[in-house]
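Some notes on the structure that comes next.
The values are calculated or read from the model by the stated rules, or taken from the named source; none is laboratory data. Small disclaimer: the values here were computed from a predicted structure and weren't measured. Cβ atoms come from the backbone with ideal geometry, glycine included; neighbour counts cover every protein chain shown.
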Amino acid sequence: MLCPSFCLKDFPSLNMTDQPTHSGAVPAWLEEGFEHIWLPYTQMQDAPLPAPIARTEGCRLIMADGRELVDGVASWWTAAHGYNHPHIREAVTRQLETMPHVMLGGLAHEQAYTLAARLAKMTPGDLTRVFFSESGSVSVEIAMKMAVQYWINKGEKGRSRFVSFTGGYHGDTFATMSVCDPEEGMHSLFAGLLAEQIITDLPLTRAQEQEFETLLEDRCDGIAAVVMEPLVQGAGGMLLHSADTLAFIRAACDRHGVLLILDEIFTGFGRTGTMFACEQADVVPDIMTLSKALTGGTLPLAATLARTHVFDAFLSDSAGTALMHGPTYMGNALGCAAANASLDLFELDPPGPRVEKIEAHLMHALAPARQLPGVKDVRVKGAIGAIELEPHTDHDWMKAQFIERGVWIRPFGNIVYTTPPLVIEADDLACITSAMVDVVRDWGINKRKDG
Ligand SMILES: *Cc1c(COP(=O)(O)O)cnc(C)c1O
């Protein structure tokens with residue numbers, strides 16, 4: 001097994017012009033821009049310089065100094081087909097040359113309409129209407145607005161609250177923060193500004209199921225929808241629940257006449273083994289949100305899908321029941337072209353069998369981490385592998401360790417995880433998992449006691 005850190009020159013893909021000038025050199029644009037950029041989720045006071053990436057190729061990030069990193073994150077779970085896939089590149093290039101964008105209000109273009117029809121066809125059940133936006137958070141905002149207005153249009157006043165779950169993550173905007181895990185959503189920091197929702201634990205036990213049932217029964221008059229990530233709560237820490245739990249929640253929503261919004265922004269497009277996670281529980285949400293891997297990690301695009309009965313509630317002789325929403329760049333032609341090309345790839349080469357192999361490797365290769373000091377749990381689902389550690393603040397140290405080993409892994413909270421591109425080859429995946437186990441071992445033995 002050849003991991004990039006040990007054998008840079010063994011990779012023919014590495015263009016000679018990208019050979020390191022001197023290792024770890026900081027490009028001028030990074031040095032200058034770092035004084036002006038404000039980074040995501042970062043305490044800027046002591047933020048280390050991020051790794052400068054000059055280009056991408058397949059499952060690799062190529063740093064400014066020529067070093068290659070095997071990508072264990074797929075750029076926040078988006079790059080399902082790896083980077084620079086020729087089919088997506090050609091589709092976007094063609095679209096750029098023809099028409100990069102036109103407004104979706106009053107004008108129509110082929111890419112958005114084709115994509116809407118394809119998404120309606122490939123998602124389960126009668127999720128037949130597609131509303132486009134540009135980011136995951138906005139698609140969840142739209143789903144929430146749809147759910148509230150659905151009830152208003154049906155003449156049921158006062159159904160404006162949402163039920164969501166601890167450990168959940170649905171975005172960083174104000175409405176979505178209100179349905180995130182209270183800590184993740186910084187509910188105390190923004191107390192008074194965030195809508196008060198009903199946030200409860202996932203019903204994993206019989207007793208919790210009973211409590212959940214009672215909650216819906218007692219408060220359904222005020223509840224618009226339950227909103228959740230099916231099977232895997234991603235940003236909350238790669239927390240898993242069973243298909244049975246999801247099926248129970250769907251059935252409970254049906255029993256009490258509450259809508260179910262499934263946020264498949266992370267789980268959609270093969271990540272958990274099926275095209276959509278909800279298929280594993282054989283359930284269809286009333287509203288579904290998609291983004292992340294929708295364009296295969298090339299352009300920002302999101303979609304909110306509604307079932308026929310939800311859409312029908314917006315039909316009337318009055319403009320007042322219409323959905324009043326319309327992001328400027330909705331249905332962007334470049335993004336939709338990328339998404340159509342990404343769907344071509346999924347059709348040609350369904351991700352299921354690949355994800356099955358990735359899952360088997362992750363289970364086998366990450367299992368030894370269970371025995372390591374400081375490790376609390378190891379979790380694998382589809383192409384998601386996570387090692388949960390005892391609380392620590394060594395994230396920057398870990399990132400540097402991973403880069404030294406030629407892989408890109410970005411630990412967060414107490415989690416060291418991988419969500420590789422779904423096309424990753426066995427050798428590259430082994431680089432990632434051996435680095436994860438090595439770094440966690442090193443941390444547990446040498447680092448943990450310092451802190
Ligand atoms: C990433 C994510 C979002 C937010 O998407 P953005 O594009 O970052 O706004 C919402 N829900 C889930 C489940 C996500 O993983």
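Can you find a residue in segment 306-316 that is buried (at least 22 other Cβ atoms within 10 Å of the Cβ), of a type outside the set (G, A, S) and at negative phi?
Yes, some residue in segment 306-316 is buried (at least 22 other Cβ atoms within 10 Å of the Cβ), of a type outside the set (G, A, S) and at negative phi.
Any residue in segment 168-184 that's at positive phi: show its pairings with residues that are near the ligand (Cβ under 7 Å from one of its atoms) at Cβ separation under 6 Å, as long as the two are six or more apart or on different chains.
G171/G136; G171/S137; G171/V140
Answer yes or no as to whether V148 is among the aliphatic types (A, V, I, L, M), closer than 30 Å to F412 by Cβ and either in contact (Cβ under 8 Å) with a residue 12 or more places away in the chain or within 13 Å of the ligand (Cβ to nearest atom) (or both).
no
I need every pair where a residue in segment 217-231 that is in the same structural domain as F165 (by TED's automatic domain parsing) and farther than 14 Å from D286 by Cα has its Cβ under 8 Å from the Cβ of a residue that is within 11 Å of the ligand (Cβ to nearest atom) and outside any helix (DSSP H, G or I), sequence separation at least 6 or different chains.
Between residues of segment 217-231 that are in the same structural domain as F165 (by TED's automatic domain parsing) and farther than 14 Å from D286 by Cα and residues that are within 11 Å of the ligand (Cβ to nearest atom) and outside any helix (DSSP H, G or I), the close pairs are L231/T267.
Picking from G296, G331, G335, which residue would you name as being in contact with a strand residue (DSSP E or B) (Cβ under 7 Å, 6 or more places away or on another chain), surrounded by 24 or more Cβ atoms within 10 Å (Cβ to Cβ) and farther than 21 Å from G168 by Cα?
Unique residue meeting the criteria: G331.
Which ranges mark the helices (runs of 4 or more DSSP H) fully within segment 64-178 that have 1 or more residues being over 26 Å from L348 (Cα atoms)?
Ranges flagged: 136-153.
Which residues, counting only those in segment 412-445, are within 20 Å of R67 (Cβ to Cβ) and either not assigned by TED's automatic domain parsing to the domain that holds E356 or not in a helix (DSSP H, G or I) (or both)?
T418, P420, P421, I424, E425
So D263 passes all but one of these: (1) surrounded by fewer than 24 Cβ atoms within 10 Å (Cβ to Cβ); (2) within 16 Å of the ligand (Cβ to nearest atom); (3) charged (D, E, K, R). Which condition number does it fail?
Going through (1) surrounded by fewer than 24 Cβ atoms within 10 Å (Cβ to Cβ); (2) within 16 Å of the ligand (Cβ to nearest atom); (3) charged (D, E, K, R) one by one, D263 breaks only (1).
Being within 16 Å of A337 (Cα to Cα) and touching a Pro at 6+ places or on another chain (Cβ under 9 Å) is the filter here; which residues of segment 279-295 pass it?
Selection gives S291 alone.
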